[in-house]
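Novice: The structure under discussion is supplied below as C-alpha cells; questions concerning it will follow.
The values are calculated or read from the model by the stated rules, or taken from the named source; none is laboratory data. None of these values were measured; they are calculated from a predicted model. For neighbour counting, all protein chains shown are included, and Cβ atoms are generated from backbone atoms with ideal geometry for every residue, glycine included.
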Amino acid sequence: MAAVQDGQVESDAEKETKPDASNDVAGNSSGGARSMSPNAASSASGAAKAAAPTGPGEQQTLLAVLQFLKRSKLLESVDILRREAGLSDELDESQTNDGAAAGSGAGSQGEGSVDAASLLRRVSVGGAAATNIAATTTSKGAEDQPDVSIVLSAYSQQGDPALYQVYYSGLKNFIESVLDCHRAELSQLFYPLFVHMYLELVYNNHEHEAKVFFEKFSGDQECYYRDDLRVLSGLTKKEHMKGNETLLDFRTSKFVLRISRDSYQLLKRHLQERQNNQIWLIIQEHLYIDIFDGMPRSKSQIDSMSGSLAGEARREANKAKVYYGLLKEPEIEVPLDDEDDEAENEEGKPKKKKPKKDNLGSKNKKQDPNAPQQNRIPLPELKDSDKLDKIMSMKEATKKIRLGPDTLPSICFYTFLNAYQGLTSVDVTDDSSLIAGGFADSTVRVWSVTPKKLRKVKSAADLNLIDKEADDVLERIMDEKTASESKILYGHSGPVYGISFSPDRNYLLSSSEDGTVRLWSLQTFTCLVGYKGHNYPVWDTQFSPYGYYFVSGGHDRIARLWATDHYQPLRMFAGHLADITCTHFHPNSNYVATGSADRTVRLWDVLNGNCVRIFSGHKGPIHSLAFSPNGKYVASGATDGRVLLWDIGHGLMIGELKGHTDTVYALKFSRDGEILASGSMDGTVRLWDALKAFDVETDDFTAATGHIHLPDNSQELLLGTYMTKSTPVIHLHFTRRNLLLAAGGYNSQ
Amino acid sequence: MAEREERRFAEVSRDSVKLMAESAGVEVGDEVAALLAEDVCYRLREAAQNSSQFMRHAKRRKLTVEDFNRALRWSNVEAVCGYGAQDALPFRPAKEGELFFVEDRDVNLVNLALATNIPNGCAETMVRVHVSYLDGKGNLEPQGTVPSAVQSLSEDLLKYYQQITRAILGEDPHLMKVALLDLQTNSKIAALLPYFVYVISGVKSVSHDLEQLNRLLHMVKSLVQNPYLYLGSYVRSLVSSVMYCILEPLAASINPLNDHWTLRDYAALLLSHIFWTHGDLVSGLYHQILLSLQKVLSDPVRPLCSHYGAVVGLHALGWKAVERVLYPHLPAYWANLQAVLDDYSVSNAQVKADGHKVYGAILVAVERLLKMKALSLSKPAEGGVGGQQGTAGGVLGFRESSPGLSPPPEPLSEAGLGIASHLQAGGAGCPWEDWTPVPLPAMYCELYSFFGDSLAVRFSTGPELEGCLPALPCQPADARKETVANAAAGLDNSRKMPQLTANLNISPRPDGSPHTEPPPPSLAGDGLNAEDTFHDVHRVPGQRSAGPSRDVFPKARFPPPQAGPPSFSFLIGGRQMGRRCQGRRFQTSFGPQPPLASLPPRAYAHKLPVIGRVSKPVRRWTCSHYSLHLPL
C-alpha cells in the first residue's frame, strides 16, 4: 500500500524541482551506511555548492548535508562545504539540534534509517512533493526496513549482480505459477523490471552480467517492445547511458502499470516472503502501480493498452473534464438565393454584430453541454472575407453528399510527379483550391488546383498608382504578370516536415528540420516570420481551425502553442517522453492533440497548458491524428499500421482498425464524420465505417476503469481498400462536398 | 555475449580500429582498441537509430546517406561527404584475401566538363490529379498511368521530337546527318522511344518513297546504336519495320530505275546489326524471322525482289541461317530462277535483271556459308578470333574472293552471341529440328553444281606460291577505279597475292594485308564475268583437310601448271571510301579469258549477274564491311 501511495506523488513538477543535490545526498547517505567513499562526499559538496546561492529551501538541504557529514565524521568536508556555502556555524548548530536528537545512535542500522528519514524531511522542506516521499519512506521504514537510498538513488550498487538473474527468474517462475487471471496482469511487470535490472547492471559496470541477463530474458518480452530492446541491447556501458534519450526516459519517468488489487496483493506477498528486496526496490523506485478494485484484466485488454514507452496512462491522468463540444458557429445569414455579392456584403456587416451579441447571451442555453465557453480562449474576430467564405462553405455543404457504407466517396488522387527531391508533407486548403507540398530540398511549393492562377500582390510602388476607390481594388492589386500555376517558397534550410494552410488561405505555415516554423504570405509569396523556439527539427505544425493560433512539435519533445503575431510561444506542452511526431488542433480550438514517438497521444488544454488526456496503446511512433468533426473522438495512426480510435470524453480507446501494412501517414474524417479515411505508406487508402466504430457500448464500469474489451471487427468496419500505384498516401482531405482527395509523391522505384 | 543481437548491428571490430589507428599513425593497445571498438559500435548504432527518424518523417522506406548525415549533424559529428549519390555504391571484394571495399571510380572531370549533352536538370515537379475511384467503386483507370513516358513528356522533349523527326524526314541532308547523330548519342530520349518507334512503323505508308524509307531505316540504326536506350519490347516493332523493307514488294520497286536493292541490302544489314547488338532482346524473334524468310523464299508468287530480300535477310542472319534455310531450299528455288534467267524475251528483260540480282545474292550467301563452315570446322577452338580481320592471314583472303559481294565478316563463335545458338538448340516445334548438317564437301559439290565456277571459293592444297604477283596492272575501263600499284604492298606481305591464271578471273586482293576489311570494289566491267577454267575444282574439297590449318583454304591458289602467266590480267585498285577504311587501298586483278561453258551446271555461269553495283553507292555505312555495296 505504501508503495502505491508513494508512487502517486510523482508529477512533472516534481521532476523539474527535484534538485540533483538530493539525489547525490541520497547516494552519499547510502554509501555512509556501508563504507563512506570520499568521492561521494565530494560530489555531494559539489552539488551543494551549486545549489548554495538559491533560496531557503536549498539552504535546508545544505544543512541536512552538513549534518550528515558531521555525523559521518567528515569534518574536512564539513568545513569545505560550510566555507563554500557561506553558512554560519550557529545556523548550522541550531538546525542540527533536532536532527541530532533524533539520530542519537548513529551506528545502528535501524536508527540510521530513522536518522535519514529526518534528514530527508529536512531536505524536502522546500518541495511538497519530496516531503511526501520522505514521509512515506519513514512509514515504510517501519514496514519493510528498506534503505533510505532506495527512494532516491537510481541504479546505484544494489547487490550481487550475479543474483539478478536469480531474482528475475524467481519472479518469472512465480508469475507463471499464479492463477491465470492474475498472470496476465502480473506479466506486465516483466518488461519494466527487465529493463531496469538491465540498466542497473550496466550502470554499475557489470557489463558481462548485463549481457548475459539480456540474452537470457530479452526473448520473453512482448514483441511490441522490440524496438526498445534493440536500443537497449546496443548499450553496454555506463558512459553510453548519459546521452541516450530513451534511457533518460526510463530513469526520469515511472513506468505505469495498472493492476487489480488482488493481483497486487499477491505480488507483494510473494516478494515479502522471498525477501526479494531487489525487485521490490525496483518496483518502488521505477514503477508506478495503479491499483484498481475489480476484476483483473485479460491479456487482450492489457495488450491493447500497453506498448507505450512509459506504460499505460494513469487513470487520474484521464480524469480531467474535457470540453470536447464544438463552438457555436457565429450566425451568418446565408442568402438562400444567389444574390449578388454586394448585397451579401452589405447584409453581412450588421448581421455579424448582432449574432455575436446574441451568441454571448444565448450560447449557454443552446450550446451542447460539452462545449467550452465560447470565449474560453480568445479567438480572432471574423473578417468580412471570412464570413464570405463561411457562406460559401455553407452553400457547398448543402450540396454535400451524405456518405455511408453504401455511398462511398469518390477519390481523386493528386500525384506529385518528378518529386525527386523528396516529398515530405502535403496540405490542402479547406476549400480545396490550393495544394502545397513540403520537400526535402527545403522548398515549399504551392499549386493552384483550380484554373485560377496564383498571383502576387504588386510591388509597393505599383500599388501607389492604383485607384483605391475602385470597386475592384482587390483585383487591381494583383500583379497579372506573376500569374502561374505554382509558386516556390524558399527560406528553410532543411527538409520541410510539416505544412499547414491558414483557414483563410492567406498564410501557410511550414516546419522544418532547421528548427524553425515559418509563416508565409500567400498574397506576396514571401516569408513573413520565422518562429524560432524549437532548437531541433520540427516535425509538424498545424493552424488552429480558427486561424491565428498554431501548434508545433518536434524533436525536443515539447509542443508549443504560438500566435502568429507573437514571436515567442504562448504555451509549451511538455510531457512526452520522445519526439512529438504530429500535432493536431481540436475542432473547437481549445485543445491540442500531439502524437509522439513514445507511442502515446496526449491531449493538451490550450487554456492552461495541462495535459488532460494520455492515450496509450499504440505500438509504434504515431504519425497521424484526426479529430472527428463533432470533436468527440480522435483517431491516431502509427507506424505499426494500426489506427486507434479514442473517446475523448471518457478517455477510452474505443476502436482498433487493423488493415494497413505500413505506417499510416494520413487520417481524415468525412465532413459529417461517417467515414474515416486512412492513407498509408503501403500505397492504399482505406475507408472505415466510423459511425459503426464509435457505436461501442460503454457501461459505467468500463468508463470508470477504462478497461474496455475491444471487439476485433476491423474487417467489418473496413468499407474499402483502394490502391495507388507505388505511391504512398501522405495526405487526405475531404472537400466540402465530401469528395475525397488523396495526395502523395509518385515513387518510381 | 549477446551475439545474436549483436549481429543485427553495424559492428566495427577491434582489428579495424587498430588498422584505422595505424593508418592515422597512432599505436593503440589491445585494451584501448577493444574499448574504442565497442564505443564506436555503440555510436554507430545510435546514429543509425537517430537517422531512421529522419527517414520516417520524410515518409520514405529507404534510409539515405542524407538521413544519416542529418543524424550525425544533430549529434555534433561531422557529416560524411561524398556518398550522396542515389545509386548504391558497389561493395566489392578484393581478389586477395578477405578485403572488401567500396568501389569509388575516378570521374574524369575534363570529360564531364566538355560533355556535349549537358543535363538540363530534372523535369519540373508538378501535381496531377485524376479520379481514381468513383463513388468508392471501380477502378476507373489505374492511378499509375501517370509515370509512363507519355505523360511525363516535357515540353523540351516534345520539341526535340518534332525537330528531330522534321530534320530526318526533311530535305536537308546535312540536318538529317546531325539529327541522326544526335539520335544515336542522346542519353535522354528514352521517353521519346515509343514516339520514334511509331514514326518508324510508318514505313508501310511510304513504300513508294525510297528516300523516306531509307531515312527511316537510318533512324532505326541510330536508335539501335544509341547506347543509352533500352529498346525493350520496342525492338520487335523496329524489327518488323526493317523486315518490311527487306521483304515487301515495295511500291517503289515497280520502277526499275529505283534502286530498292540498296534499301533491302541496307535493311538486311540493319537486321543483322540488331541481332548482333540486341541479341538478348530479339532472341525470341529469331525463329519467327527465319520462318517468314523461308515462307517468302518458298513462295513462287512473290516477286523476285522479295526473294532477293529473303536471301539477303538470311545472309544477314548469319551463315547458319543460310545453311539451314537457304541451302536446303536451293534446289527447289533454283528451277524457278533458272526459268527466269533462261527467258531471253524482251518482255522478260526486267524480270531477268531481277533474277540476276537474286542469283548474285544467293551466290554471296552460299560463298560465305562455305567459307564460314570450313572455318568453323577447321578452327573450332579459335572461333571468334578468326573472324576478326588482321589476325589469321590465311582466312582473310577468302572474304575477298568474291569481289563486290563480300560478306560481312562474322565471328565464328556465333553461338556465343546467342543467336545461332538458337538454331543449334533447336527445340520442339522448330522446323529445323530434324535438320542434319551437310558435310562441307557434299555441300560444296552441290553448290558447285549450281554455280559452277562462279563460286569464288576454292579449295586447294597446292603449295603456297611465293612472290607470284599479278602482272602489270592495267587500267580498267572504269574511270571510277584508280589503279594502284600496290605490288610493293603485296610483296611486303608474307602471304602473297594468289597467282592469277590466264583465265579471266577476279582474284582477290592482297590477302595478307592486315587491313583486310571489306571487300574490293564492285565489279566494274559488266562483261567481266567471272569464269573459270579451272576444271578440277571438284577434287579440291576432298583434299582440303590435308593442308595445315591456315592453309586449308588458300584462296584461289592454283596449281602451277594452270597458273601460267596471265595473258590478260589487270588490276582494279582503288581506295575504300568507307568511314572506317580510311582510304585503304585495294586492288583486284582481272584477266580476260575466253568463256568455257561446257559443264551443265555452269550453264548459268555466264549469266552471272552484276551484283551489288549500284548507281548511287551508299557511302554512309558506319561499318562498311557489313555493306554489300562497296563504296568507291
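Novice: Starting from the stretch A:358-378, keep only residues that are under 17 Å from A:His586 (Cβ atoms), then list their pairs with residues that are at pLDDT below 75 and surrounded by 15 or more Cβ atoms within 10 Å (Cβ to Cβ) whose Cβ atoms are within a distance under 7 Å, requiring at least 6 positions of separation or different chains.
Specialist: A:Gln374/A:Asn359; A:Gln374/A:Lys363
Novice: Considering only residues of the stretch A:439-479 that are crowded, with 18+ Cβ neighbours inside 10 Å and of a type in the set (Lys, Arg), which is farthest from A:His731 (Cα to Cα)?
Specialist: This residue is A:Lys458.
Novice: Moving on. Within the stretch A:315-338, is even one residue part of a helix (DSSP H, G or I), at pLDDT 80 or above and in contact with a Cys (Cβ under 8 Å, 6 or more places away or on another chain)?
Specialist: Scanning the stretch A:315-338, I find at least one residue that is part of a helix (DSSP H, G or I), at pLDDT 80 or above and in contact with a Cys (Cβ under 8 Å, 6 or more places away or on another chain), so the answer is yes.
Novice: In this structure, is A:Leu408 at the interface with chain B (Cβ under 7 Å from one of its Cβ atoms), surrounded by 20 or more Cβ atoms within 10 Å (Cβ to Cβ) and in a loop (DSSP other than H, G, I, E, B)?
Specialist: yes
Novice: Out of the residues in the stretch B:299-349 that are of a type in the set (Phe, Trp, Tyr) and part of a helix (DSSP H, G or I), which is nearest to B:Lys371 (Cα to Cα)?
Specialist: Applying the filter and picking the extreme gives B:Trp319.
Novice: Just to be sure before I move on: is A:Ser253 in contact with an Asp or Glu (Cβ under 8 Å, 6 or more places away or on another chain) and within 30 Å of A:His555 (Cβ to Cβ) in the structure I sent?
Specialist: In short, no.
Novice: Turning to a different aspect of this structure: Out of the stretch B:281-298, which residues are in a helix (DSSP H, G or I) and farther than 17 Å from B:Val312 by Cα? Spell out the reasoning first.
Specialist: Of all residues in the stretch B:281-298, those in a helix (DSSP H, G or I) come to B:281-282, B:285-298.
Correct list: B:Leu281, B:Val282, B:Leu285.
Here's the yes/no breakdown for (1) within 30 Å of A:Thr727 (Cβ to Cβ); (2) within 14 Å of chain B (Cβ to nearest Cβ); (3) in a loop (DSSP other than H, G, I, E, B):
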residue: A:Leu577; (1), (2), (3): no, no, yes
residue: A:Cys582; (1), (2), (3): yes, yes, no
residue: A:Gly595; (1), (2), (3): yes, yes, no
residue: A:Val601; (1), (2), (3): yes, no, no
residue: A:Gly609; (1), (2), (3): no, no, yes
residue: A:Gly637; (1), (2), (3): yes, yes, no
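Novice: On to the next question. In the stretch B:46-60, which residues are over 25 Å from B:Glu103 (Cα atoms) and either at the interface with chain A (Cβ under 8 Å from one of its Cβ atoms) or modelled with pLDDT under 90 (or both)?
Specialist: B:Glu46, B:Gln49, B:Asn50, B:Ser52, B:Gln53, B:Phe54, B:Arg56, B:His57, B:Ala58, B:Lys59, B:Arg60
Novice: Now for a separate question. Within the stretch A:422-444, can you find the residues that are under 12 Å from A:Ala742 (Cα atoms), more than 26 Å from the chain's Cα centre (by Cα) and either away from chain B (no Cβ under 11 Å) or in a loop (DSSP other than H, G, I, E, B) (or both)?
Specialist: A:Ser432
Novice: Kindly check whether there is at least one residue in the stretch A:413-430 that is at pLDDT 85 or above, among the aliphatic types (A, V, I, L, M) and touching an Asp or Glu at 6+ places or on another chain (Cβ under 6 Å).
Specialist: Looking for residues that are at pLDDT 85 or above, among the aliphatic types (A, V, I, L, M) and touching an Asp or Glu at 6+ places or on another chain (Cβ under 6 Å), one finds none in the stretch A:413-430, hence no.
Novice: Can you find, within the stretch A:480-507, the residue that is surrounded by the most Cβ atoms within 10 Å (Cβ to Cβ) among those that are more than 13 Å from chain B (Cβ to nearest Cβ) and assigned to a loop (DSSP other than H, G, I, E, B)?
Specialist: Residue satisfying both the conditions and the ranking: A:His492.
Novice: Next question, about the same structure. Collect the residues in the stretch B:209-239 that are under 12 Å from B:Leu270 (Cα atoms) and not β-branched (Val, Ile, Thr), keeping them in residue-number order.
Specialist: Answer for the stretch B:209-239, where residues must be under 12 Å from B:Leu270 (Cα atoms) and not β-branched (Val, Ile, Thr): B:Asn214, B:Leu216, B:Leu217, B:His218, B:Met219, B:Lys221, B:Ser222, B:Leu223, B:Gln225, B:Leu238.
Novice: Sort out which residues of the stretch A:253-310 are buried (at least 20 other Cβ atoms within 10 Å of the Cβ), β-branched (Val, Ile, Thr) and in a strand (DSSP E or B), and write them in order of number.
Specialist: Scanning the stretch A:253-310 gives A:Val256, A:Ile259, A:Ile289.
Novice: Please enumerate the residues belonging to the stretch A:221-250 that are more than 14 Å from every other protein chain (Cβ to nearest Cβ) and either surrounded by fewer than 17 Cβ atoms within 10 Å (Cβ to Cβ) or not in a helix (DSSP H, G or I) (or both).
Specialist: The answer is A:Glu222, A:Cys223.
Novice: Given (1) without any contact (Cβ under 8 Å) to a residue 40 or more places away in the chain; (2) more than 24 Å from A:Pro378 (Cβ to Cβ); (3) in contact with a strand residue (DSSP E or B) (Cβ under 6 Å, 6 or more places away or on another chain), identify the lone condition not met by A:Ser521.
Specialist: Evaluating A:Ser521 over (1) without any contact (Cβ under 8 Å) to a residue 40 or more places away in the chain; (2) more than 24 Å from A:Pro378 (Cβ to Cβ); (3) in contact with a strand residue (DSSP E or B) (Cβ under 6 Å, 6 or more places away or on another chain) leaves (2) as the failure.
Every residue, every condition in (1) within 30 Å of A:Cys412 (Cα to Cα); (2) facing another protein chain (nearest Cβ under 9 Å); (3) modelled with pLDDT under 80, yes or no:
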residue	(1), (2), (3)
B:Val65	no, no, no
B:Ala85	no, no, yes
B:Arg105	no, no, yes
B:Val127	yes, yes, no
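Novice: Would you mind finding the one in A:Lys400, A:Lys456 that is under 36 Å from the mean Cα position of the chain (by Cα), basic (Lys, Arg) and more than 14 Å from chain B (Cβ to nearest Cβ)?
Specialist: A:Lys400
Novice: For the stretch A:310-336, which residues satisfy the criterion of being out of contact with any Lys or Arg (no Cβ under 6 Å at 6 or more places or on another chain) and either among the β-branched types (Val, Ile, Thr) or closer than 23 Å to A:Leu577 by Cβ (or both)?
Specialist: Here is the first cut: in the stretch A:310-336, the ones out of contact with any Lys or Arg (no Cβ under 6 Å at 6 or more places or on another chain) are A:310-311, A:313-317, A:319-323, A:325-327, A:329-331, A:334-336.
Answer for the stretch A:310-336, where residues must be out of contact with any Lys or Arg (no Cβ under 6 Å at 6 or more places or on another chain) and either among the β-branched types (Val, Ile, Thr) or closer than 23 Å to A:Leu577 by Cβ (or both): A:Ala310, A:Gly311, A:Ala313, A:Arg314, A:Arg315, A:Glu316, A:Ala317, A:Lys319, A:Ala320, A:Val322, A:Val334.
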